[in-house]
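Accompanying notes for the structure given below.
The values are calculated or read from the model by the stated rules, or taken from the named source; none is laboratory data. In this text, all values refer to a predicted model and were calculated from it rather than measured experimentally. For neighbour counting, all protein chains shown are included, and Cβ atoms are generated from backbone atoms with ideal geometry for every residue, glycine included.
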Amino acid sequence: MDKKTICIATRNRHKVEEMAPALAPFWEVKCSADYPGISEEIEETGGTFLANATIKAVATSLAISDYVLADDSGLEVDSLAGAPGVFSARYGGIPSSTEKNNAKLLEELDRAGATTPEQRKARYRCVLVLAKEGQALASFDGVCEGTIASGPKGTQGFGYDPLFVPVGYVKTFGQLTGKTKANLSHRALALKKFSLWCKESCGRQ
């Protein structure tokens, strides 16, 4: 059976590079940049990762005929009451940048007096939503627990990766290889659930 096409609802090339290998066995993979009819920016007004992923998936699926897979993901830090959460991408202010976001996170942890690993507990969370023709069809989540380092280390990955040390490791995601991260990351875990769903339902019904 010919593969059907799925659009990853993002223009972030890092996300596409991370997600495409897991999707390729089941789908012909494209992203928002491949479709001129998709809006450059979909306003994410939800208060949760699930809500925002659903907004992106549904809005994108109304603009194209293919299946759409959207994610919303970010970092939750216990000492900061779950911040930056859904504001992870723009935590340091607009215009956003990785450097500003990471600097703001370290500043807020210092302000909170969070100095020990226990006080710097955090997790990466990802929610994926599959949609077609304006209808959300299924959702899948993944969580990676860890701690926040005292300063950025490593140049791999993106976002908060140079600050995030996953449980069981002493290196940050910024220092670990892509292969190692692919087995640990929140997005990888959510994609594994989606891949299982694809195997069970063919993902093309």
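Go through region 136-163 and give me each residue that's touching a Lys or Arg at 6+ places or on another chain (Cβ under 9 Å) and not in a loop (DSSP other than H, G, I, E, B).
Of everything in region 136-163, those that are touching a Lys or Arg at 6+ places or on another chain (Cβ under 9 Å) and not in a loop (DSSP other than H, G, I, E, B) turn out to be Phe140, Asp141, Gly142, Val143, Cys144, Glu145, Gly146, Thr147, Ile148, Asp161, Pro162, Leu163.
Mind listing just one residue for me: the one in region 42-56 that is within 20 Å of Cys31 (Cα to Cα) and either hydroxyl-bearing (Ser, Thr, Tyr) or in contact with a Lys or Arg (Cβ under 9 Å, 6 or more places away or on another chain) (or both) and, of those, surrounded by the most Cβ atoms within 10 Å (Cβ to Cβ)?
Per the criteria, the residue is Phe49.
Looking at this structure, is Thr180 of a type outside the set (Phe, Trp, Tyr), more than 23 Å from Arg90 (Cβ to Cβ) and free of Cβ contacts under 8 Å to residues at least 60 places away in the same chain?
Here the answer is yes, as Thr180 does meet what is asked.
Across region 62-81, which residue is nearest to Asp161 (Cα to Cα) among those that are of a type in the set (A, V, I, L, M, F, W, C) and surrounded by 21 or more Cβ atoms within 10 Å (Cβ to Cβ)?
Among those that are of a type in the set (A, V, I, L, M, F, W, C) and surrounded by 21 or more Cβ atoms within 10 Å (Cβ to Cβ), it is Leu75.
Looking at region 82-125, which of its residues are of a type in the set (A, V, I, L, M, F, W, C) and either part of a helix (DSSP H, G or I) or surrounded by fewer than 14 Cβ atoms within 10 Å (Cβ to Cβ) (or both)?
Val86, Phe87, Ala89, Ile94, Ala103, Leu105, Leu106, Leu109
Is one or more of the residues making up region 89-96 modelled with pLDDT under 95, within 22 Å of Arg187 (Cα to Cα) and in contact with a Pro (Cβ under 9 Å, 6 or more places away or on another chain)?
Yes - at least one qualifying residue is present in region 89-96.
If you scan region 59-81, which residues turn out to be within 23 Å of Pro21 (Cα to Cα) and part of a helix (DSSP H, G or I)?
Selection gives Thr60, Ser61.
Check Gly142, Gly168, Gly146, Gly178 and return the single one that is of a type outside the set (Val, Ile, Thr), under 26 Å from Ser97 (Cβ atoms) and surrounded by fewer than 21 Cβ atoms within 10 Å (Cβ to Cβ). Break it down stepwise before answering.
Values: Gly142 fails: surrounded by fewer than 21 Cβ atoms within 10 Å (Cβ to Cβ); Gly168 fails: under 26 Å from Ser97 (Cβ atoms); Gly146 fails: surrounded by fewer than 21 Cβ atoms within 10 Å (Cβ to Cβ).
Answer to the check: Gly178.
Restricting region 181-205 to residues that are modelled with pLDDT under 90 and in a loop (DSSP other than H, G, I, E, B), which is surrounded by the most Cβ atoms within 10 Å (Cβ to Cβ)?
Residue satisfying both the conditions and the ranking: Gly203.
Could you please find all residues in region 23-46 being within 26 Å of Glu200 (Cβ to Cβ) and either of a type outside the set (A, V, I, L, M) or modelled with pLDDT under 90 (or both)?
Quick first cut of region 23-46, residues within 26 Å of Glu200 (Cβ to Cβ) only: 23-31.
Listed by number, the residues that qualify are Pro25, Phe26, Trp27, Glu28, Lys30, Cys31.
Give me the pairs: first residue in region 25-52 and under 14 Å from Leu69 (Cβ atoms), second residue modelled with pLDDT under 90 and β-branched (Val, Ile, Thr), beta-carbon distance under 6 Å, and six or more apart or on different chains, which are they?
Close Cβ pairs satisfying both conditions: Cys31/Val16; Ser32/Ile38.
Go through region 1-54 residue by residue and tally those that are over 28 Å from Gly178 (Cα atoms), of a type in the set (Gly, Ala, Ser) and in a loop (DSSP other than H, G, I, E, B).
The total comes to 4.
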